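Comments concern the structure below.
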Amino acid sequence: DKTDQSIEFFKPSLLERFYIAISNPIFTYMFFVLGFALIGLELFAIGPGLMAVVGSLLVISSSLPFNEFGINYLGILVFLISFVIYLKILSRGYFSYLGVLAFLVLFASSQLMFSNYEVNVNRLLLLVVSIALALFYFVAIPTVIRSRLTTDTSGATSLIDKECKLIEILESDVAIVSYKNLKLRVNLDLSKSYKEENTYIFSEKDGNLYI
């Protein structure tokens, strides 16, 4: 007698397909770091907290395969160091050598995180993702923060005639000043001369904040 043999195929559920997708180390790394980037942005933005919710979901979901596939937790620690550096950049609202340092630490963290990963990892793609995520920090987040500072004239009017300290001149017509515990981006009058660490008075011109 011949025994009938048949092969049954099972279609993965939506949740199982999602888990398979995030198990790809490239997506794991991208969602994990992007989640933290959104959380970091929420710390410096005014809003209902939607970015923090989305960021938290990305971090939680992308960390699901960590234990199963052998993530190197030392790499997570190194990544958190890069995240703290990026937070420092966001708090200042402008770039410096810290930006380059943060990117190098970020890329190093990706190499450590997946050094013992059971799934094959394309190191070049990790570099590409690191560059893309660094650009997200370098361009998107500071641009949003600076845009809020320069377009929110309702808050700027309350600063008129108040005293501030000039921290750094970014360009010939743009600078960062300190007012109480805040660091603000202001415009400079090209007809005046400025010196860092000196105090100046806020003024308003055409809806923009000047010193």
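Any read-out appearing in this document is the output of simple, stated calculations on the displayed coordinates, not a laboratory observation. Just so it is clear, the structure is predicted and the values come from calculations on it, not from any experiment. Reconstructed Cβ throughout: ideal geometry from the backbone, glycine too, with neighbour counts over all protein chains shown.
Only Cα pairs under 8 Å and at least 6 apart count here; give the relative contact order of the stretch 17-90 as a rounded whole percent.
On the way: 53 pairs, mean separation 25.8, N = 74.
It comes to 35 percent, rounded to a whole number.
Cβ neighbours within 10 Å, averaged per peptide: list 61-70, 119-128 in order, most packed at the top. Please list the in-between numbers first.
Working: 61-70: 15.6, 119-128: 13.3.
For the peptides 61-70, 119-128, the packing ranking is 61-70, 119-128.
On a straight-distance basis, which lysines could pair with K195 in a cross-link, Cα separation under 25 angstrom, same-chain partners fewer than 8 positions away excluded?
Straight-distance partners of K195: K88, K162, K165, K180, K183, K205.
Any idea what Rg and Dmax come out to for the stretch 21-76 if you just take the C-alpha atoms, in Å?
When restricted to the Cα atoms of the stretch 21-76, Rg and Dmax are 12.1, 38 Å.
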